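FYI, it's all coordinate maths here, none of it is from the lab. Note that the coordinates shown come from a computational prediction; the quantities given were computed from them, not determined experimentally. Here the Cβ positions follow ideal geometry from the backbone for every residue, glycine too, while neighbour counts run over all protein chains shown.
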Amino acid sequence: MNPIQALYQAEPRPDLKAVNVIRHAGLFKKEYQPGGRGLIRRRGRSYAIRMFLRALRARLPEIAILAMAIFLRCWLIEIKPPHFDEGINGWFADQMTANGYYRYDPTNYHGPLHFYAVFLSQTLFGREVWALRLPALIASILAVWAMLRFREFFGLGVSRLAALAMAVSPAFVFYGRYSIHESWQVLFSILLLHGVLGLWQTGTRRHLFTLATGVAGLILTKETYVLHIGCMAIAALCLWIYQMLVPSRPMWPVARQQWTRDDAVLAGGVAALVIVFFYSGTFRDFRQLSGLYETFRAWVSTGIESGGHEKTAYDLVGPLNWYWVYLMARYEWPALAGLLACLRYIFPSDARYRYTAIMAGGVLLAYSIIPYKTPWCVISMLWPFYLTLGGVVREWAGRVARDRVWLVAAPLLAASVYMTIQLNFFRFTDDSEPYVYVQTYKDIERLTKPVLKLAKSEPDGFQLEGVIMLDSYYPLPWIFGDFTRVGYFKKDSPPARWDADFVVIEAANATQAEEKFTDSYYKFPFRLRSGQEECVAYLSARKFKEILGGEPDFIPSTGAGR
């Protein structure tokens, strides 16, 4: 007896919905039909294949969005040289190899999760730029997938529009191709909102664990978690008060919670255990746990003093600043439209959209007040505005012909695609682009390519001796991290010996080095990044002649080096 027969024998009028669920599963070759027609034969396997293909066709838009996100983030991933911050993050991962674990530094005000992810990637795949960026790239793609999951609350149309806007966003693509923490922060912020809306709307156990994952992930990523969690909590209070004045339609009262106290203990316990595991250096140094609260002293100090990252040209009144809105107007038109769409939710509207709009506005306001501003932080503010835009577009689609909706959405998305391609594949080191911020220039490859090529072509290649004397030299310590005889020096503490296989020095101090050289060198100028003085690289003619060819540019005079 199959399950459909059991349903008909158990009650005279079975639940036809249950019958259809079993029937459409395609697992049985025989199905029972109501009306006395009895059992009929079907081709179970071909029926299951048809149902699978039907389900696949229904998900083609989501698959296309994810494919676009993957392509834009992965294609030519190494075209852009490692950024200053990427070099520092890679260096922190290298210290885990030296120390055996990540020693958390509260003055760094960045959580340990990204460093462990980079360490794992480098351990598996080696010291490659794509391996350095792989963890953040995966987090950025998962964030697009997480946006698609909002269909549970806002419907397919809204979630697809929001995910597509994120997939092609200049900021999300540009910084998704960086090895920095922000992509993780976006991912866990989205999961946190998933958990909040899920507990509000359905109250299921799954959403409780999603909430715990979002909170734990944010704490492990960056100390700005207090800002995001705080804005979500304040948004709930603001919505509750505002609904007394202008009721929402629909109100969406809090659902009956289906999880138990044991579930809450389990979710909270696992989250706390994971946090302790990473912050204590995998249970090796519990003293580091004090950094969980000590870090806020350094974070507040840096946020107020700004460390040279203030954007005073965009100041409005008092602490208010419109820098982030300027970036939206320059690059992020769908998000800017979403910001304007928030005005719709002043009037009676869906409580869930209202909550999202209040939370998004609160995060934008908080980041606008903080003097410290680096452009990659913008992705932590953009994503909720895609949802508010989707809500207004959906509402408009219900009032006019659906085909007209794309007259608004398509130009915004097309502009994003154009700017994304220009920024990420043509102008990625152009200082006139606000998103290109202290970016390493392609000039650096004049130094790194021949050095790495020689190192990889000889058995003892990574024993090359190097001298680097610059005031600021990142990302070179990560790029040359496998070399065992490279020294880094400041102008006030020069090396005792200058005749290395390669030497890097600021052009203003080149004469100082040339007076000490006793070997011949190929010489060429380059710039590391904006704000940095012009540098000069010297490559030993004895070592690099086969790679560079030609005559050396510098030949020491008689008596040099004394």
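Annotations for the structure displayed:
- Counting neighbouring Cβ atoms within 10 Å and putting the fewest first, the residues Leu539, Leu192 line up as Leu192, Leu539.
- Taking a straight Cα-Cα cut-off under 16 Å and skipping sequence neighbours fewer than 8 places away in the same chain, the lysines within cross-link reach of Lys373 are Lys222, Lys311.
- Among 254-263, 406-415, 95-104, the peptide with the highest mean count of other Cβ atoms within 10 Å heads the list, and the full ranking is 95-104, 406-415, 254-263.
- In segment 148-290, the C-alpha radius of gyration followed by the widest Cα-Cα span (Dmax) gives 17.3, 54 angstrom.
- Proximal aspartates and glutamates to Lys80, defined as alpha-carbon separation beneath 14 angstrom and excluding residues fewer than eight positions away on the same chain: Glu128, Asp430, Asp431, Asp443, Glu445
- Charged-residue dipole, Cβ positions (Lys, Arg, Asp, Glu), the chain about Cα centre, Debye nearest 20: 3660
- Difference of contour (0.36 nm per residue) and Cα-Cα distance, Lys449 to Leu120: 116.0 nm
- Extent along principal axes [Cα atoms of segment 442-548; Å; largest to smallest]: 35, 29, 23
- Structure note, pairs Lys442/Lys491; Lys491/Lys516; Lys456/Lys523: Cα-Cα distances above 20 angstrom occur for Lys442/Lys491; Lys456/Lys523.
- With each label modelled as a point 7 angstrom along the Cα→C-beta vector, the Val300-Phe524 pair spans 5.1 nm.
- By the beta-carbon count within 10 Å of each Cβ, the least crowded to most crowded order of Thr440, Thr213, fewest first, is Thr213, Thr440.
- Among 366-372, 87-93, the order from most to least packed when residues are scored by Cβ within 10 Å on average: 87-93, 366-372
- Of the DSSP H helices in the chain, those whose Cα atoms cover at least 30 Å axially and whose Kyte score averages 1.6 or more: 225-245
- Note on segment 442-548: antiparallel DSSP beta bridges, both residues inside, total approximately 55 percent of the bridges counted.
- Computed over the chain, Cα set: Rg, Dmax in Å: 28.8, 110
- Dividing the summed -39500 (n - 2.57) terms of all DSSP H runs of n ≥ 4 by the residue count of the chain sets its mean residue ellipticity at 222 nm at -18000 deg cm²/dmol.
- Counted residue by residue at 0.36 nm each, then reduced by the alpha carbon distance between them, the extension gain from Leu266 to Leu289 reaches 6.2 nm.
- Among beta bridges from DSSP that stay inside the chain, the antiparallel ones total about 70%.
- This model, with +1 at the C-beta of Lys and Arg and -1 at the C-beta of Asp and Glu, gives segment 442-548 a dipole about its Cα centre of some 240 debye.
- Rough spin-label spacing in nm, given labels placed 7 Å along Cα→Cβ, for Arg399 and Asn99: 5.8
- Remark: C-alpha extents of segment 249-406 on the principal axes read 62, 51, 26 Å, sorted largest to smallest.
- Counting neighbouring Cβ atoms within 10 Å and putting the fewest first, the residues Thr356, Thr204, Thr420 line up as Thr204, Thr420, Thr356.
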